[in-house]
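Scroll down for the structure; my scribbles are underneath it.
The values are calculated or read from the model by the stated rules, or taken from the named source; none is laboratory data. Being a predicted model, the structure only gives us computed values, none of them experimental. As a convention, Cβ positions derive from the backbone with ideal geometry for all residues, glycine included, and neighbour counts pool all protein chains shown.
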Amino acid sequence: MILLSTVPRTLGDPAVRAARMELLDLPHIAPLTQFALRLAEASPTGDGVPFFDPHDGGINARILMLAEAPGPAAVGKSGFISCDNPDATAANTWHAYAAAGIERTDIVRWNAVPWYIGSEGRTKIRAANRKDLIEAEPHLRELLSLLQNLRVVVLCGRKSQRMDPVIRQAAPQLHIVRAWHPSPVCMNRFPTRRAEFFAQIAQAARLIGREAAT
C-alpha cells in the first residue's frame, strides 16, 4: 500500500526519495516511467527528464496538470515531477489539491517541455521558447495517448497554454482549464492570483465530480 504524504515538500528527504524510486515499476506508473526514459534519450538538450510521481494516478489519472518545464527541484534534487517536491511551486500545488478535494489518484503532473532548459549547473530555469514547445509537441501527443482515463487538462501558465491547440487536435473530448502558474514569482506578483489559482484547480476538480470538503 502506498502511504501518501500528509504535508508538502516531503521529497526533500533522501529516504523518501529513495522509497519513491522503488515504486517506478508499479503497474499504474510503469508505462510513464518508460515514456520518461525514452524522453531522456531524445532530449535535444541532453539533460534531465524527471520521472512521473508514483504517488499520483499515473495512467489512470483523470486530470493532467501541465506546467512549463521541469525546474531545479525536479531535475537536480528529487528526480520527480511532483507536488511533494521541496519548493514553493510544488507546495502551492499541494495545497490547491487539498483545498479542492482532489485525490492523488485523480491527477498526474507533467510539463509542456519535458526536459530541463535551465542553466548548466541546474540552478535556474529559463523560459521556454517557441522552438522548445515545437520540439515537445509530439511527446505531449504521445503522453495523451497513454492516459486513457483522462478528462481534464489544466494548463498552468502562459507557456503551457500555448499547447492548447495541440491538445484540442489530439484529444478534442478533453476539458481544458487555464490556470496561473503556481510559482511564487507568479503568485506573489498580484495578491489575487493565489485565490484565483485555487479556484481554477477547484474547477478542474468539479469536472471530475470532486468537491472541496466543507
**OP:** Could you tell me whether any residue of region 59-71 is closer than 25 Å to Leu144 by Cα, under 17 Å from the mean Cα position of the chain (by Cα), buried (at least 17 other Cβ atoms within 10 Å of the Cβ) and of a type in the set (Val, Ile, Thr)?
**Re:** yes
Original post:
So which residues in region 185-199 are assigned to a helix (DSSP H, G or I) and either polar (S, T, N, Q) or at pLDDT below 95 (or both)?
Top reply: Val185, Cys186, Met187, Asn188, Arg189
Subject >> Tally, over region 200-214, of residues that are touching a Gly at 6+ places or on another chain (Cβ under 9 Å) and assigned to a loop (DSSP other than H, G, I, E, B) >> reply: 4
**OP:** Would you mind finding the one in Pro165, Pro138, Pro182, Pro172 that is part of a loop (DSSP other than H, G, I, E, B) and without any contact (Cβ under 8 Å) to a residue 12 or more places away in the chain?
**Re:** Pro172
**OP:** Look through Ala195, Ala179 and report the one residue that is surrounded by fewer than 20 Cβ atoms within 10 Å (Cβ to Cβ), closer than 22 Å to Ala90 by Cβ and not basic (Lys, Arg).
**Re:** Ala195
**OP:** Note down all Cβ pairs under 9 Å where the first residue falls in region 187-214 and is of a type in the set (Asp, Glu), the second is in a loop (DSSP other than H, G, I, E, B), and they're at least six residues apart or on different chains.
**Re:** Glu196/Trp180; Glu196/Phe190; Glu211/Gly101
Original post:
Does at least one position in region 79-92 carry a residue that is over 24 Å from Phe198 (Cβ atoms), modelled with pLDDT under 95 and not small (Gly, Ala, Ser)?
Top reply: no
Subject >> One residue from Glu135, Glu142 being more than 15 Å from Met65 (Cα to Cα), charged (D, E, K, R) and surrounded by 14 or more Cβ atoms within 10 Å (Cβ to Cβ) >> reply: Glu135
Subject >> Selection within region 50-81 - assigned to a loop (DSSP other than H, G, I, E, B) and farther than 22 Å from Gln161 by Cβ >> reply: Asp53, Pro54, His55, Gly57, Gly79
